[in-house]
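Here's the structure we're looking at; comments come further down.
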Amino acid sequence: MVVGACVCGRNGCQGRLSGPGILSNDCRWIEGPLMKLPPVDYEAPETVSEALELLAEHLDEASVLAGGQSLIPLLALRLARPAVLIDINGIDELSGVSVTDDTVAVGAMTREYVAEESTTVAGTVPLLAAALPLIGHEAIRSRGTIGGSLAHADPAAELPAVALALDAEFVVRSSKSGERVISAAEWFEGYLTTSRRPDELLVEVRFPTAGPGTGISFQEVARRHGDFAMVGLAAALTLSDGTISDARLAFAGISDVPVRASEAENLLMGERPSAALFDEAARRATGDIDPPADLHGTSEYRKKVAATLVRRGLQTAAADAGERQ
Amino acid sequence: MTGIVAERYTGASIKRSEDPRILTGAGRYVDDIKLPRMLHAAFVRSPLAHARVLSVDVSAARALPGVVAAFTGAELEAMTVPGPDALMALMGWAGPTPEFTLLATDKVRFVGDPVAIVIAESRYLAEDGCELAEVEYDDLPPVANAAFALDPGSPPLFANLGDNIARPHSRKQYGDVSGTFADADRVIDFHIDVHRHQNVPMEGRGCVASYDADLGTLTIHAATQSVHVSKIAVAMRLGMEQDKVRALAGDIGGSFGLKIGASREELAVAAASRDLGRPVKWVEDRGENLTASGQAREESFDVRAAVSNDGDLLGLDVNAIIDTGAYPGMGAMVPDIMEAMLPGPYKLAALGFESTAVTTNKASYVAYRGPWASETFVRERVLDLVAKDLGIDPLEIRLRNAAPRTDPPASMVTGRPLVGVTTRESLERVAQLVDIPAFRRRQAEARAHGRYLGIGVATFIEAAPGPREPGGPSGPMGMESMRLRLEEDGIVVLFTGQMPHGQSHQTTLAQIAADEFGVPFDQVRVVVGDTDVVPFGLTGGSRSATMTGGVALHGARQLKVKVLDFASNLMEASAQDLLITDGNVWVRGDPASAIPVSEVARRAASGDFGTGVDASLEVEAAFDGGEGGWSGGSHCAIVEVDVETGLVKVERYVVAEDCGALINPAVVEGQIRGGIAQGIGAVLLERSAYDEDGNCQSATFMDYLLPTSCDIPRIEIEHLETVPLDADVNFRGVGEGGMIVTPPTVVNAIEDALSPFGVRIYEQHLPPARILELIAAADSSQ
Amino acid sequence: MDITLRVNGTTRTGSAEPRRTLADFLREDLDLTGTHVGCEHGVCGACTVIVDGRAVRACLMLAVQATGSEITTVEGLAPDGELGGLQQAMWDSHSFQCGFCTPGFVMQATAFLRAHPDADEQQIREALSGNICRCTGYQSIIDGVLLAAGREHQG
C-alpha cells in the first residue's frame, strides 16, 4: 500500500498521505502498528438529499461509507482520520441497473456481486462483467459497490480501468450545485483522488452498451488469485468487416491513475487484427510508461508485463469480437 | 457372544476428537477468554529502526478516559527481575549475552520495538492511549543488513557487546577437508542466499494474565507451545515463586515455533496485571505479528563443493552468515544444527563449516518450523547445480551420493549414524510415481510451443527424534513424561506436557493408549494445558510422535499391569490370566467373565481394600525415545513458469516419505501438506522485507502474501515401508519435514523449467519480477 | 448507538460506538467467540459470517451497520449440537488442524454451496481463495467441501 510520504520529515516515519477527506497529515506510525479504528462520528442518511446536506456540512472532514471494503481497512490502520462517516448503505434509491437506449446506468450503491450476477450487465457491458469476478473475493463483492470502488479510485483496481476504457460517465450531486456529469478522463485525478468535490456524492455511473461486433478482454497479472493487479488491462475491439473500427485500451497499475493507451488505440484503428499489429500496439502502449515500483514488482517488470497484456488482451478481444459477429 | 474383538486404532485415520468443537466455533483461544474486570493492553512501539530513547511521556495516555494505566520501559524494569532470554537459557546458550530491558528504555533496536504499555477498558481505548504517548528519539544509523553488521564501524546495537556479533565466527572441520579439496577433480564455488520470512500463524501471540492479589498468585492464559516454559519464564521475570504461577492453555491457533517461552510483551502484561490486581489481556494484531513477533531464515552461504567428474560430492566447505535481527534468540544457536545436518543422507566425506551470527535492526530471528532448514536448501541446490555443471541427471546424482543402508550403519561425516534411512527407496519411489521420462517428453513438446515446464527433486532427513547413539545414556531428545490414570468412570486419562496447536495430539495419543490399554477410543481422554496438572513438556522439534507416542504406549502398558494386578483381587484369577479388550477386563478363555473397566475402577476407588492392595490406578511413565530413528523422504515438484509474466504454477507435487510407523495417516498427511504449503509460500510469495533504513515493508497481508487454495496443488503422498528399529515405538516425527525440503524442490523445478535460458538460481525467493530478471540476466550473459 | 439484529435466529440487542467492528461486537458484546479475528484488514477471511444471505467479512463491517440484519455465525449452524452436513463432511475429511481459520471457511463454504451446489474442485478452490489457512495446505478443506456437496446430491 504505497501512498505519498508523510510530510513530518522524520526519519523512518511511515505516515501516509493521499487526497482530501481520506487522510490527515499527521504522522501516525509513531505509536503503531495499530489496528482498531480511531474514534469517528457516524451518520446514516436515508435519502440522497439528507446525504448531500451532511456532505455540505462536513466537507473534507467526512468520508462516505459505501461498501467499506477499502475504507474500513484504511480506518483500521489509522491511515484515514475523517471526523465523520456518512454511511449511504441505507439509501435504496442509489442501487440498481437500468438500460436506456445505449446507456447502462448503474446506481453507485449497486453491490459488485449484484452487478456480477446481472444478466443485463453481462449482455450490455461485457467488459464490466469480465472484470467483476476478478475483484477481490466473493465476500468482498458481497459488500463492495460499483460507485464505492470508482470513488476510491485505486489505480490498481479493476473498475477504474474499465470505466476509463469505456469513457464511462460519473454523475455527482451536491445540494449547492445540483447534478454534474463528469467524464472518466476527468474523474481520475491522482492517487486515490477524484474530481468529486467534498460536498458532492457520486450517485450513478453510466456505461455505454457494447455495440455489435465488439469483443472484450479483461486480464491482469496479480501475485495471487483475487489480489490487486500488478498490471491490468481493460481492452475492447470493435470489428466491422474484419477491420478494427474502435479500439479501447486502459491500464490498471502502471501509474497513480488508470491510463488510456491512446497512441496504441490510434494505431489499431482501421487495421486488420494480426500478431504483428498487436506487437506494435504493445510497443506503442508501453514505450513511454514509467510504472511505480513496490514490493511486488519493479518498474521494469510492470512495463514488460504491460506489453504482454496488450498482446494477450488484443488477441482475446479480437477472438471475442469474431465470436460476437 | 462369540468372543471379544479388540479394535485397532493405531495406523488408522481416526476422526479427531478436537473437531466437534473446532467446527462449531466452540474452541477456546486466548482472545476468547473473558474474565471479570479484565483490561486490555496495547503497546507504544518504535517507528525507528535504531535510536536512543531520550524521553517517554505517557501522561496524556493516562489522562484519557478509559485508560487505567500506562507503564514505561523504566517503570517495568522496577516491577520485574532482569534475566536472560528464556529460550536461550533453556537451550543453554553460552555465547555473547546482550543486555537489554524488558521494554525499551535507553534504546530501540527495530521498528516495532515496544517502548511502553497502555492498559484500558478496551483495546480500542488502549490504542487511542498509545497515540497520545510522546516519545523523543535520537536517530542512530541503522544496521540494516548483515554486511554492515559485520563491519566493526557499525554502531553496536548493544553497548555491552561493543559490536554486532551475536555469535562469533567459529569453524569446525570433519574428515580431511584440505585433502579432499586438493584431490578433487573440480571445486565449484557458489553463493547462496535464503531470504527472511516468518511463521505467521493465523492466531498471533497473546495472553491473559490474571493476578489474584488476595492469594498472591498469577494465572497466565497463554498461547504457547509449552505451558511449563511459559510459567517458568513468567515466574522468573516477575520474581515469583514457581508454585505461585499457573499457566493454562486451551486451543492455540498455530505457532510453527513462534510461541515458546514468554515474549517481552507477555511478560510486560503479566507485570501489569500484578501491579493492577486485575486481569489484563493482550493479543497481538496482525501488524504486530508481521513486524514485531519475530522472523526467520535470513542466512547467506559461501559454499565450495569438491566433486569428482562422475558426480561424487566429496566435500563441502560452507561459510554461513546469520542475520539474527535485534534481540537474541534462535538465530545465534541455529548454526550448530545446520552444521550437524548439512551432510544429509549422503556419503559426504569432508565438511568444513564456519559461521557468524550478527545483530541487525530488524525483528528478532525466531524458531520457524525446521529452523535449520537452510542446510537442506544449500545441499539440495548444490547437488542440482553440480549435476548441471557435470551434465548428470539430478536424480542420478542423488542416487549416486546417497549413503547405502549398511549394518553397521554408515555415519554422517558430522557423526550421527544413518541407521534405517530409506533415502534410496524414497528417491526411486518418487521417480516412479512421477514417471520422469514421460515428463521429459511432455516438457520437450511444451518447449516447442513456448511453454516452460520444469521438474525438481530433493531429499532430506530429519532428526525426529534421530537415532540413539550407541552407548548413550538416553535418546537425543531427553526424556518425555506422562501421567496416566484410570478414572472411576472407566476413562483412561493421559496427562501430558505436550501443547498441541494443530498436531491433533488429543486424537493420536488416545489412539495409542486405547490400543495398548484395551479400551475404545472414546474411553481415553488427553489432558493438556495446565501446569498444575500436567508434567513438564514442550511441543517442538517434531518430538511428539516418538517421545509422546512412545510414553503413551509404554505408560498405557504400565497402567494395564497395575489395573490387572488390582483386578485379580476381584476376579479370582491371577493377573497373568487377565486381558483388557474393548473396555472390559476378562479372564482368558472365559468371555462370560468380562466386567467393564469402569467397574474395576469404581471398586478401586471404593476404599474397600486394605493397605495390602495397591488400588491407586495411576502411573508416572517416562520414555527416552527407544532406538529413535530418522524421518525423511523425497519430494518432487512439476512447475510451469510463464516466462512473460514470471508467474509460477505448481502443477503437481509428489512425496514419498518415511516417518516410521503411522499413528494417524490423515494427521501425518495434513502435517506434510501444511509444511509444503509454507515451503511453496516461501519461494513464490513470502518475504519479510526491510528497506535500507530498517523500515518494515511487509506489515500487512497485502504485502506479506500467504499461499491460498489457488496456489497449492493436490499433494500426492505415499508412505514408504519403514525400517523398524525399536521393538515397540517406531513412530517418527513429521511436523517439520514438509517445510524443510520443499523450497529446494520447487527451486530445482523452476531452474529446470528455465534451463533453456541458461538460468542458474542461487536464492530462495522467486517472485515474478525476479524470475524475469533471472531470465534477462542469463540471456544477456550468453 | 443502539443495535438490534437477528443472530442465529434470535433477536439480539446491544450498543456500540460507531467505530466498533461487527467482528468485535459479535465476539465481545454477544459472546459469540466462534467468529475469529485474524488480520482486521479484510484479507484472511477468518471473520467470515453470513449477513442477509451473503458471506461477509465481519472485520469490514461496522456493528452499527448490521442493525436490522439477519446474521448467521458458525455457532448457528449446529444449534442443537448436531453437526450440519458440511461440518460432518469436514470432520470426516480431517479438514482442519489448529482450527483458527475454521469458522471463516465453514461460513464461506456454506454460503458458496448454497448458491453453487454443483461446483467442481476448481470452482471451490477459487471460492475459498479468500480464506487463508496456515496449517493444512487446503487439500483436506477442499475434500470436505466436495464430500459435503456430493452427499447433498445423493440426497
*Are any residues in the stretch B:87-131 of a type in the set (S, T, N, Q) and either over 21 Å from B:A166 (Cβ atoms) or within 14 Å of another protein chain (Cβ to nearest Cβ) (or both), and if so, which ones?*
B:S122
*Restricting attention to the stretch C:8-29, which residues are more than 7 Å from every other protein chain (Cβ to nearest Cβ) and surrounded by fewer than 22 Cβ atoms within 10 Å (Cβ to Cβ)?*
C:N8, C:G9, C:T10, C:T11, C:R12, C:T13, C:G14, C:S15, C:A16, C:E17, C:E28, C:D29
*Would you please name the residue that is farthest from the other protein chains (Cβ to nearest Cβ), looking only at residues in the stretch B:694-727 that are free of Cβ contacts under 8 Å to residues at least 40 places away in the same chain and crowded, with 23+ Cβ neighbours inside 10 Å?*
B:P707
*Looking at the stretch A:99-109, is at least one residue closer than 26 Å to C:L22 by Cα and within 14 Å of chain C (Cβ to nearest Cβ)?*
yes
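Looking only at residues that are out of contact with any Gly (no Cβ under 8 Å at 6 or more places or on another chain) and part of a loop (DSSP other than H, G, I, E, B) in the stretch B:728-760, which one is surrounded by the most Cβ atoms within 10 Å (Cβ to Cβ)?
So the first thing to find is which residues in the stretch B:728-760 are out of contact with any Gly (no Cβ under 8 Å at 6 or more places or on another chain), and the list is B:734, B:756-760.
Still in the list and also part of a loop (DSSP other than H, G, I, E, B): B:734, B:758-760.
Working: B:V734: 28, B:G758: 14, B:V759: 21, B:R760: 17.
Looking at residues that are out of contact with any Gly (no Cβ under 8 Å at 6 or more places or on another chain) and part of a loop (DSSP other than H, G, I, E, B), I get B:V734.
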*Among residues belonging to the stretch A:88-98 that are surrounded by fewer than 21 Cβ atoms within 10 Å (Cβ to Cβ) and not in a loop (DSSP other than H, G, I, E, B), point out the one that is farthest from the other protein chains (Cβ to nearest Cβ).*
A:S98
*asked:* Need the failing condition index for A:A261 against (1) under 30 Å from B:A777 (Cβ atoms); (2) modelled with pLDDT of 95 or more; (3) of a type in the set (A, V, I, L, M); (4) surrounded by fewer than 18 Cβ atoms within 10 Å (Cβ to Cβ), just the number.
replied: (4)
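Residues that are in contact with a strand residue (DSSP E or B) (Cβ under 9 Å, 6 or more places away or on another chain) and under 24 Å from B:T708 (Cβ atoms): find the strands (runs of 3 or more DSSP E) completely inside the stretch A:142-230 holding 1 or more of those.
On the way: elements: A:169-174, A:178-183, A:188-190, A:201-208, A:214-221.
Result: A:214-221.
If a residue has to be out of contact with any Leu (no Cβ under 6 Å at 6 or more places or on another chain) and assigned to a loop (DSSP other than H, G, I, E, B) to count, how many in the stretch B:610-627 make the cut? Can you show your working first?
First, pick out the residues of the stretch B:610-627 that are out of contact with any Leu (no Cβ under 6 Å at 6 or more places or on another chain): B:610-616, B:618, B:620-626.
Then drop every residue that is not assigned to a loop (DSSP other than H, G, I, E, B), which leaves B:610-616, B:624-626.
So the count comes out to 10.
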*asked:* Looking at the stretch A:284-307 only, could you name the residues that are facing chain B (nearest Cβ under 9 Å), β-branched (V, I, T) and surrounded by fewer than 22 Cβ atoms within 10 Å (Cβ to Cβ)?
replied: A:T298
_Being modelled with pLDDT under 95 and either closer than 19 Å to A:G90 by Cα or more than 13 Å from every other protein chain (Cβ to nearest Cβ) (or both) is the filter here; which residues of the stretch A:21-60 pass it?_
A:G21, A:I22, A:L23, A:N25, A:D60
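Of all residues in the stretch B:340-367, which are of a type outside the set (V, I, T), farther than 24 Å from B:T422 by Cβ and either part of a helix (DSSP H, G or I) or out of contact with any Phe, Trp or Tyr (no Cβ under 6 Å at 6 or more places or on another chain) (or both)? I'd like the intermediate steps shown before the answer.
In the first step, residues of the stretch B:340-367 are kept if they are of a type outside the set (V, I, T); the result is B:340-355, B:357, B:361-365, B:367.
Narrowing further to those that are farther than 24 Å from B:T422 by Cβ: B:350, B:352-355, B:357, B:361-365, B:367.
Within the stretch B:340-367, B:A350, B:G352, B:F353, B:E354, B:S355, B:A357, B:Y365, B:A367 meet the criteria.
Collect the residues in the stretch C:114-151 that are part of a helix (DSSP H, G or I) and out of contact with any helix residue (DSSP H, G or I) (no Cβ under 7 Å at 6 or more places or on another chain), keeping them in residue-number order.
Let us first name the residues in the stretch C:114-151 that are part of a helix (DSSP H, G or I), namely C:114-115, C:121-127, C:139-151.
Of everything in the stretch C:114-151, those that are part of a helix (DSSP H, G or I) and out of contact with any helix residue (DSSP H, G or I) (no Cβ under 7 Å at 6 or more places or on another chain) turn out to be C:R114, C:A115, C:Q122, C:Q123, C:E126, C:D143, C:G150.
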*Looking only at the stretch A:92-110, count how many residues are of a type outside the set (D, E, K, R) and over 22 Å from the mean Cα position of the chain (by Cα).*
1
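Which residue, of B:V585, B:V519, B:V493, is away from chain C (no Cβ under 14 Å) and surrounded by fewer than 21 Cβ atoms within 10 Å (Cβ to Cβ)?
Working: B:V585 fails: surrounded by fewer than 21 Cβ atoms within 10 Å (Cβ to Cβ); B:V519 fails: surrounded by fewer than 21 Cβ atoms within 10 Å (Cβ to Cβ).
Exactly one of B:V585, B:V519, B:V493 is away from chain C (no Cβ under 14 Å) and surrounded by fewer than 21 Cβ atoms within 10 Å (Cβ to Cβ), namely B:V493.
Please verify whether B:I337 is without any contact (Cβ under 8 Å) to a residue 40 or more places away in the chain and either of a type in the set (S, T, Y) or assigned by TED's automatic domain parsing to the domain that holds B:T423 (or both), treating the condition exactly as stated. Give the derivation first.
On the way: without any contact (Cβ under 8 Å) to a residue 40 or more places away in the chain: yes; either of a type in the set (S, T, Y) or assigned by TED's automatic domain parsing to the domain that holds B:T423 (or both): yes.
Answer is yes for this residue.
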*Go through the stretch B:421-450 and give me each residue that's surrounded by 15 or more Cβ atoms within 10 Å (Cβ to Cβ) and either among the hydroxyl-bearing types (S, T, Y) or not in a helix (DSSP H, G or I) (or both).*
B:V421, B:T422, B:T423, B:S426
*B:D19: within 25 Å of B:G261 (Cβ to Cβ) and of a type in the set (D, E, K, R), yes or no?*
no
*Show the residue pairs that are 6+ apart or on different chains and have beta-carbon atoms under 7 Å apart, the first residue being within the stretch B:418-440 and in the same structural domain as B:A464 (by TED's automatic domain parsing) and farther than 20 Å from B:V723 by Cα, the second being modelled with pLDDT of 95 or more and part of a helix (DSSP H, G or I).*
B:A431/B:L395; B:I436/B:L395
*Do you know which of the residues in the stretch C:78-92 that are at the interface with chain B (Cβ under 8 Å from one of its Cβ atoms) and modelled with pLDDT of 95 or more is nearest to C:A111 (Cα to Cα)?*
C:Q87
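Listed here are the residues, each with its yes/no results for (1) surrounded by fewer than 17 Cβ atoms within 10 Å (Cβ to Cβ); (2) among the charged types (D, E, K, R); (3) away from chain B (no Cβ under 14 Å).
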position	(1), (2), (3)
A:G211	yes, no, yes
A:T243	yes, no, yes
A:D256	no, yes, yes
A:R272	yes, yes, yes
_the stretch B:16-41, residues that are within 7 Å of another protein chain (Cβ to nearest Cβ), under 16 Å from C:D24 (Cα atoms) and of a type outside the set (D, E, K, R)_ = B:G25, B:Y29
*Out of the residues in the stretch C:40-63 that are touching a residue at least 60 places away in the same chain (Cβ under 8 Å) and in contact with a helix residue (DSSP H, G or I) (Cβ under 6 Å, 6 or more places away or on another chain), state the one that is farthest from A:R224 (Cα to Cα).*
C:A63
*Got a number for residues in the stretch B:135-146 being within 9 Å of chain A (Cβ to nearest Cβ) and either assigned to a helix (DSSP H, G or I) or not aromatic (F, W, Y) (or both)?*
3
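Within the stretch B:761-782, can you find the residues that are part of a loop (DSSP other than H, G, I, E, B), more than 14 Å from chain A (Cβ to nearest Cβ) and under 22 Å from B:H197 (Cβ atoms)?
Across the stretch B:761-782, the qualifying residues are B:I761, B:Y762, B:Q764.
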*Would you confirm whether any residue within the stretch B:596-609 is modelled with pLDDT of 95 or more and outside any helix (DSSP H, G or I)?*
yes
*Counting just the residues of the stretch B:543-590 that are within 28 Å of the chain's Cα centre (by Cα) and of a type in the set (V, I, T), which one comes out nearest to B:H501 (Cα to Cα)?*
B:T548
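The values are calculated or read from the model by the stated rules, or taken from the named source; none is laboratory data. It should be emphasised that the depicted structure is a prediction, and the values quoted were computed from it without experimental measurement. Backbone-built Cβ (ideal geometry, glycine too); neighbour counts: all protein chains shown.
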